[in-house]
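Computed from the coordinates by the stated procedures, all read-outs in this text should not be read as laboratory data. For clarity, every value in this text was computed on a predicted model and none was experimentally measured. Reconstructed Cβ throughout: ideal geometry from the backbone, glycine too, with neighbour counts over all protein chains shown.
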Amino acid sequence: MIPTLLRLVRPFVRTLSLCMPLLVAAAVQAASPPAAPELRLRVVGGLAGISQYTRYERRFWAEDLARLSGGRYSASIVPFNEAGLAAQDMLNLVRLGVIPIGTVLLSQAAVEDPDLGMADMAGQNPDVATLRRTLEALRPSMAQILHERFGARLLAVYIYPAQMLFCQRPIAHLADLAGRRVRVSGMSQADFVQALKATPVFTEFADIVANVQAGSAECAVTGSMSGHSLGLDKVTRSLFTMPISWGLALAVVNEQSWNSYPPALQQLIDAQMPKLEAAVWAESARETEVGVACNTGTEGCDRARKGGMVASRPTAEDEARRREIFARRVVPAWMKRCGASCVTLWNRTLAAQAGVRAQGPE
């Protein structure tokens, strides 16, 4: 009886002895913490609370980078306006290496470096297709400026939803803006509203609602969905849907930091950033119209809260006025700030496309 039992049990004992090292190794691996990444990047991203940051930029750096690299590389990211940083300081902080990778709002960078603002001036790009052509013409020059002046490498160009006019009192045409105080985010927007006999008021994005409530501004230029996210539709009632500008942002990396990264990491970032850029552009184009729907409470809004604003679409007369202001006021004012080198750059890259030739010494 016993010999028979031994014969039956012996195969199971042999199998167990063969599997035991694998079981022990698996148990040790499960009990051990995951290996630390070879390199953890520090990133300062774009505006907090906006889809372009929350759904795309943050997710790529905080989640996708580690997944795509098999855990070899990871990153921490914080939006600049929650990090206690001023938007206009971002490029210089990247130049100094204080911020290795950062997202720079073009309207703020253009205050000190007007040639960087050449792609998104007020009244320049009435739709995404035009904006894309403008950027394609300028991208090599922008990359060169970032390299030579800031020691920075251009990784991607993001856009926000179209920047539109939110007003407390009804606005059906551009001409209705005369005499009003209008929140703007950059110099070209200021030039545009001044041409309409309005007064520009420079206000940080996070302070727009408070400034409108306090009476410092009666209207505000900001993204259609961005305004809804802020709750601007609660303190204004009229939305003029002409894209005044788009709100470009540059993702850049300090070149010394970049050169210190392993080649595998550089290749991964280079391969993924165009995909991230394309996703942000597609979302911003979609949110331009979704933002209008959410601000007005009409069909097409995918947010829980819907506003009750009244939207007015630009007429052919408004479009003609936009083109006139851009050609006669916005471009000349920009050239005056920017200088002769900008006249040359404009006429070489954008004059034919925009139908506006810059005047001045070249």
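Structural remarks
- Rough spin-label spacing in nm, given labels placed 7 Å along Cα→Cβ, for Leu39 and Ala316: 5.7
- Structure remark: mean-square fluctuation, Gaussian network model of the chain, C-alpha springs under 10 Å; the largest value among Val157, Val94, Val111 belongs to Val111.
- Remark: relative contact order (the chain) = 19 percent; criterion is Cα-Cα distance under 8 angstrom and separation of 6 or more residues.
- Per-peptide average of other Cβ atoms within 10 Å, ordering 346-355, 218-227 highest first: 218-227, 346-355
- Neighbourhood charge, 12 Å Cβ-Cβ cut-off, centred on Asn254 and excluding it, Lys, Arg +1 and Asp, Glu -1: +2
- FRET E, pair Thr344, Val111, Förster distance 22 Å, beta-carbon r, rounded to 0.05: 0.55
- Only helices enter this figure: runs of n ≥ 4 DSSP H residues, each worth -39500 (n - 2.57), summed and divided by the residues of the chain, yield -14000 deg cm²/dmol at 222 nm to the nearest 500.
- Charge tally for Asp191 (other residues, Cβ to Cβ under 12 Å; Lys, Arg +1; Asp, Glu -1): +4.
- The dipole here belongs to the chain: it is taken about the Cα centre, uses +1 on the Cβ of Lys and Arg and -1 on the Cβ of Asp and Glu, and is about 700 debye.
- Under conditions of 25 °C and 0.890 mPa s, segment 69-143 yields 170 µm² s⁻¹ as its translational diffusion coefficient, taking Rh as the Kirkwood radius over Cα pairs in the Stokes-Einstein equation.
- Rg and Dmax of segment 117-189, both derived from C-alpha coordinates alone, stand at 15.8, 47 Å.
- In a simple Cβ point-charge model (Lys, Arg +1; Asp, Glu -1; nothing else charged), segment 302-362 has a dipole of about 240 debye relative to its Cα centre.
- Relative contact order (%) - segment 253-339, alpha-carbon pairs under 8 angstrom, separation at least six: 12
- Positive-end ranking of Trp346, Val331, Ser226 along the dipole of the chain, with charges on Cβ about the Cα centre, is headed by Ser226.
- Cα convex hull, segment 214-362: 201 Å³ per residue, rounded to a whole number.
- The gain in end-to-end length when the Glu148 to Glu63 segment is fully stretched comes to 27.4 nm, 0.36 nm per residue minus the alpha carbon separation.
- Taking label points 7 Å from Cα along the Cα-to-Cβ direction, Ala83 and Glu289 give a separation of 3.5 nm.
- Extending 7 Å from Cα along the Cβ direction at Arg72 and again at Phe202 yields two label points whose distance is 4.5 nm.
- Translational diffusion coefficient (Stokes-Einstein; Kirkwood radius from C-alpha pairs) of segment 277-362 at 25 °C, 0.890 mPa s, in µm²/s: 153
- Zero-based 20 Å bins, Cα pair distances in the chain, whole percents: 27, 49, 14, 7, 3, 0
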